[in-house]
Every structure is written in structure tokens, then in C-alpha cells.
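The next block holds one structure in the form of C-alpha cells; read it before the comments.
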Amino acid sequence: MEIKKVKRSEDYSAWYNNLVKQADLAEHSAVKGCMVIKPYGYAIWEKMQAELDKRFKETGHQNAYFPLFIPKSFFSKEASHVDGFAKECAVVTHYRLKTAENGEIVVDETAKLEEELIVRPTSETIIWNTYRDWIKSHRDLPLLINQWANVVRWEMRTRLFLRTTEFLWQEGHTAHATAEEAIAETKQMLEVYADFAENILAVPVMKGMKTANERFAGALDTYCIEGLMQDGKALQMGTSHFLGQNFAKAFDVKFATKENTQEYVWATSWGVSTRLMGALIMCHSDDEGLVLPPNLAPIQVVIVPILGKKEEEKEQVLAKAKAIQQALRKKGISVKLDDRDHTSPGFKFAEHELKGVPVRIAIGMRDVQNETVEVARRDTKEKQVMSMVDLENKVEHLLTAIQQNIFQKALDYRDEHIHAVNNWDEFTDALENKTGFVSAHWDGTSETEIKIKEMTKATIRCIPLNNPLENGKCVLTGNPSTQRVLFAKAY
RNA sequence: CGGGGUGUAGCGUAGCCUGGUAUCGCGCCACAUUUGGGAUGUGGAGGUCGUAGGUUCGAAUCCUGCCACCCCGACCA
């Protein structure tokens, strides 16, 4: 394949699309708005799943699976929920096809469903309808369930990983006896997401709460983690919702308390999606391609043997390369030995850089003689010749250092792009010329928020958690405010 | 759904204005020489020109409808 080069600085969208394609992560499918996640992209997603799943289990959750289809009547039981999703639902109306007289395959009109089925855009309704039967007593609580699934939201405009008609995600749905417990769960899962984002994806995130406008349809509070991409736009990377008793009431989910009274349960839901792949790409990658943090990379180290002409030398180099592979594997490091003989070393170097492999070890006859290898790191592109002695420990440390460096670089970038402003001129100037988050006072009204969005396209990404209180004036209206909130243009 | 653009081999493209059955590069296959940063040479395979109509002796090229994708809006994880 010809490698098409697109620079980040010239056209960020083109760079992104090109990278997704060149690095073999995903492609558009024949189905409008949908994507095919290719094996390499899926391997990264599987790693994300594994790390998230581990954290879900550690916090007491279990996995389960609920149907893809939701009867329309379930869906419409929670008023604000249906309002929020109505415009982007795929609806199944028939269950059979037939061959028409002209030989064409057509929908069999006699196979019309009595009640239409909605392809889930999220599963609250079908799950809460099920929970009604599962929850009878305080002894059934808390109910802590997660589901890995695909969902469909019929968006007008799509973009690989960031917004596709169908996407993969996990959605946690929990039920609790008290509001306090449910709120604690909501916050706990936000922390789980933040930990995952920062320690695995190496993407620093702002933890915060959404304003009423940006809240999930049907939630009382929506907490979120917000990342900052290299083009200065914010990306919502995960949400955790406190749903109050809205769904319990809509689906009549009550439990008998210790005092033998009947109470509605308290709910949460939380989710992250394949959008995280987009965050990963846009946060770290460069003009050479993807940059994967070692904790996430499906292949952490690639060994490229440099094979000479002589058979005997080839064997020596390969034997040494295999020995290194074995030693690294014993350390739990994921290593690929790229022994393809039909491509040149230079091609392999470039290809593995494109795919973001954190560490590359090159070994040739010269190294075999000197008992050395050439070790190159993807994040800084530094190369150094190292002695083979104790190589596995050196590589292990290097992987840790790379993880740390990638995170630190993103954190520095993020922190340099939070601009505190105090009036409208500074506010618009920061949005237009500086990019990133703008920290500003806001009078707390939806009206002002919407007005600002109309005027600048910037939205309130979140009200940061543990936000210091500070008296000030709203940048738009001048009305009093007690804290700053984070604005940004977002994906 | 509005505005703009694109659609030609697996990928990237030329040709379109001014109609005559498709150009080039990469990749692929074979052989040889190569291998410490995207190898070279020689030979070869690969195309319903997005799709359906129309105009024409003749359409990748002109006209119309449709579809898909990209960019900008509205919408959004």
C-alpha cells in the first residue's frame, strides 16, 4: 500500500481519517454511517475492554446481556428519556421479506409487527423493565450489572470512532436502596473511568459534572470525564449518571425495606464507547502515525531482525532475536518478532511506527557480534544501542518510562490549554485564537449557556469536581457567579 | 435535511472542459540482485470508469435521477 502522508498541522480531519485508515484501525463500511473495525483496531479495543472489565469486577460488578430490541412502549415510559433519543432511533417494523412477482426481494407487508421495536440507542428501558422482576427485597440490592453491547444512534453526520451510527460500548446499570448509595456508585464509576483514561490510555481528563442542558436524558446528574485533543477541541470520554428514581418509577421497580415498607429503588448508569479509540488517536498520535501507550498496546515491543545475505548469519541473528523474545515474554511483555523476509528493515520500522508500537528492537549481525541491540522508542523516536545484558529489565523500565512520558506530555499540553478569562472579549479571544478549555464565570442559567453556544459554538464541558469557589461575574451577562466552569468547542 | 466537493484496478490518481473503449505510481505475482530507515531491475496479472436511464454511429467524458463518501452547518457518546 502506498503510504499517504498528511500532516496534523495542515488538515486535522484529513490527518485523522488518513491515520485511522493507514494504521489499519477501521474503515467505512458499505452501510451508511457504520464502520468496520479492523483486526488491529479491534485488538486495541479488546485491551480497553479487558482493563475496564477488570476494574468493573474489582468494584463488584457482573456482566450480563439484554436484548438488542426494545418495544416502543417500554421506550416511551420515561418522558425525558424518549425526548432525548427519539430523533435518532432505528425502528423495526417488519420481520419478513418475500420475493415479489418481478423477482425483487421486498418487505412482506403481511409480516408487520404489532408493536414496533426500537434498536437500542441505550438500554435503560429494557433493563429496568427486567429489573422489576429481579428486585423484590432490600436483600436484592445493590444490583450491579454491566453489559458489553452495540447500540445504534442514527446521527446525521458520522466520523470513524467518534460518531458512528452503530458503536460498541459498555453500559453499567445499577440499582440501590438509597440515593446516597447510588450517588456514591455514580462517583465511584467516574473515578474508575478517570483512572482507566489516565493510567491506561495516558489521556489526562477533567472530571466534572454536566450542566442541566448537557445532562443525559432521564438523569438527575451527569458526571463526565473530558479530554483535550491536539487540535484544541474537547472530547467527552465517558459519563456516569445518577438517575434518581426516574426509571424505577417509570417501570415500577419497588423493594421491601427492612422496615417492611415499599420504596422505589435508586439508579445509576454509566458508559464508555469505542469513541475512546478516537480519543486515543487524537491525543497522542503524530505525523508518523499512531502512538500507543505501553499499557494499552497489543504489541508492546517489536523485534526487527536485520538479516544479511549469508544463511549462517541469518540463523544466528534470528536465534538471538528469538532468545530476546522469550526473555521479554517471561517478563509478561507482549513481543512480536517481525521475521517477514520480503520487506526491508526500513519498511518495517516505518510500519511499526505507523501502528504505534511503543518499543522497537533492531538486531543484526553487527549486534550479535557486539552483544548489543538497537532500541528505539516510539514516543520520542530516540534510538540507542544497548548491551544485551539484562535487556528484559531495561525494556520493562523503558515501557514504564514511555507510559509516563506520553501521559506527562498530554497533561502538559492540556494544562497549557486551560485559559482563565474574565470578560467577554477575553472569552471570545481565547476561543478563537488559543483553543482548548476556557475557564470562565457563568451565571448558572441554561439561557446564558445556550446563548453562548449560539454565539461561539462553545459549550460548557463540565463544572469540575472539587472546583474552588470564587466570586466573579458571568462573562456574558455580568451576573454574579460563585465558580468558574470549563467551556470548549467539542467533538 | 441545507450548502460545497468527490466517486476511474487492492490503494493513490491522470483523462472529463473540447465524446472515439482508460494514464501513471504504489501494491500484487514470477525471477534475479538486495537487506542497519519506506530496495532495484526485468517480465506479468488485475478495470461492469459508483449506479440507473437519456442524448449520440459511438459516453469515463454531455444531460437527468439515484446511491455512497468527504468537508461546512443543524443533531450527538
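Search the structure for amide H atoms under 5 Å from the amide H of A:Ala490, placed 1.01 Å from N in the peptide plane, and list their residues when 5 or more places away or on another chain.
Those lying under 5 Å, H to H, from A:Ala490 are A:Ala234, A:Thr459.
In terms of the Cα gyration tensor, with a ≥ b ≥ c the square roots of its eigenvalues, is the stretch A:279-359 rounded because a/c is under 1.5, prolate because a/b exceeds b/c, or oblate?
oblate
Would you work out the relative contact order for chain A, in percent, from Cα pairs under 8 angstrom that are 6 or more residues apart?
13
From the backbone phi of the stretch A:481-486, what are the Karplus-calculated ³J(HN,Hα) couplings (6.51 cos²θ - 1.76 cosθ + 1.60, θ = phi - 60°) in whole Hz, Gly and Pro given as x?
9, 10, 7, 8, 10, 9
Can you tell me how the stretch A:1-118 classifies by the Cα gyration tensor, rounded, prolate or oblate, using a/c under 1.5 as the rounded cut?
It comes out oblate by the Cα gyration axes.
Go through the stretch A:79-93 residue by residue and turn each phi into a ³J(HN,Hα) via Karplus (6.51, -1.76, 1.60, θ = phi - 60°); whole Hz please, and just put x for glycine and proline.
Once rounded to whole Hz, the list reads 4, 6, 5, 5, 4, x, 10, 3, 6, 10, 9, 8, 10, 9, 10.
Taking 1 over the mean of 1/r across every pair of different Cα atoms in chain A, what Kirkwood radius in Å do you get?
25.2
Assign one of three labels to the stretch A:152-304, namely rounded, prolate or oblate, based on the Cα gyration tensor with a ≥ b ≥ c the square roots of its eigenvalues; rounded applies when a/c is under 1.5, prolate when it is not and a/b is larger than b/c, and oblate otherwise.
Verdict is prolate for the stretch A:152-304.
What are the ³J(HN,Hα) values, in whole Hz, obtained from phi via the Karplus relation 6.51 cos²θ - 1.76 cosθ + 1.60 with θ = phi - 60°, for each residue of the stretch A:224-239 in sequence order, with x given for Gly and Pro?
8, 10, 10, x, 10, 8, 5, 8, x, 9, 8, 9, 6, 9, x, 9
Which lysines, on any chain, are close to A:Lys489 with Cα under 21 Å apart, when same-chain ones fewer than 8 places away are left out?
Filter leaves A:Lys207, A:Lys210, A:Lys233, A:Lys434, A:Lys451, A:Lys453, A:Lys457.
For A:Gly289, enumerate residues with amide H under 5 Å from its amide H, sequence gap 5+ or separate chain, H modeled in the peptide plane.
HN-HN under 5 Å from A:Gly289: empty list.
None of the figures in this text is laboratory data; all of them are computed from the coordinates on show. Everything quoted here is computed from the prediction, not taken from an experiment.
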